[in-house]
């Protein structure tokens, strides 16, 4: 299986995101249909393995084009299955949402692994009813 790397999403990748470092304020991204921003989370909020149940709120092309990781996926976090995460949303990048089986509005159990203070590896997303 090919390894897929997920990095910290920068302000330019999310459009409505407020930049930050682990010690700064929480990154935020405006989600469609909402008047207030929803937290994307600080990169120190994820520890090792993280599995959460959530729905995909938005899939969009990255503004800072990367030929392999072209898409930003923002998921609303409903509940944490494994690990620790306290924000309402989680953003990650993928090469192809369709290859990963991700659709806007779809509900999934998403698994990511923290690989450093600023990077996450996307493992998989299992579709849920």
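The values are calculated or read from the model by the stated rules, or taken from the named source; none is laboratory data. Source: prediction; values computed, not measured. Here the Cβ positions follow ideal geometry from the backbone for every residue, glycine too, while neighbour counts run over all protein chains shown.
At a glance:
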item	result
Residue that is modelled with the highest pLDDT [pool: residues in the stretch 32-57 that are farther than 17 Å from residue 112 by Cβ and in contact with a strand residue (DSSP E or B) (Cβ under 7 Å, 6 or more places away or on another chain)]	32
Counted residues, the stretch 82-95 - those being over 18 Å from residue 119 (Cβ atoms) and loosely packed, with under 13 Cβ neighbours inside 10 Å	2
Single residue of the stretch 98-124 satisfying the filter (over 12 Å from the mean Cα position of the chain (by Cα) and over 18 Å from residue 77 (Cβ atoms)) that is modelled with the lowest pLDDT	118
